[in-house]
Amino acid sequence: MQRSILMKLFVLIFFLASTAVHCQKPAKITIKQADFAKYAKAMGENVYRVIGNAIFEHEGALLYCDSAWMNDSSNSLQAFGNIHIKNSDTLNLYGDKLNYDGNTRIAELIDNVKLIDRQSVLTTDRLYFD
């Protein structure tokens, strides 16, 4: 029962926070660091293959992963391996795979998902995070 209340509280907080952000024009996802990044024309217009120690930034959040496909046109990201999203000093989100839409700020984390804040730890196989 406590976990259900906690989940509802998380959803409410992030819904309210995202409502204020949706009123603004969405910022672009940017590559902060990578061992290798290359334009991948075969995957579509403005798609980049990013490999090794990748760090992306979006609206103050840092997204870490082993590799990713970043679509600059749709402002989206598919990331793989050792996913870590750091949003402020108190919220950390981990997983094995990530589908992220920078326009809606909705992240889908898949496999070995862990959400950690100052007071709790939530583990699951799939999480939609706004």
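The values are calculated or read from the model by the stated rules, or taken from the named source; none is laboratory data. Please read all numbers here as calculations on a predicted model, not as lab measurements. For accessibility, only protein heavy atoms count, side chains too; no ligands or nucleic acids. Shrake-Rupley method; radii C 1.70, N 1.55, O 1.52, S 1.80 Å.
3J(HN,Hα) along region 97-114, derived from phi through the Karplus expression 6.51 cos²θ - 1.76 cosθ + 1.60 where θ = phi - 60°, amounts to 9, 9, 10, 10, 9, x, 7, 9, 6, 9, 10, 10, 9, 10, 6, 6, 7, 9 Hz, with x in place of Gly and Pro.
In region 25-130, the portion of solvent-accessible area held by carbon and sulfur atoms comes to 48 percent [1.4 Å probe, whole percent, DNA, RNA and ligands not counted]. Excluding same-chain neighbours fewer than eight residues apart, the lysines reachable from LYS28 by a Cα-Cα span under 24 Å are LYS38, LYS41, LYS86, LYS97.
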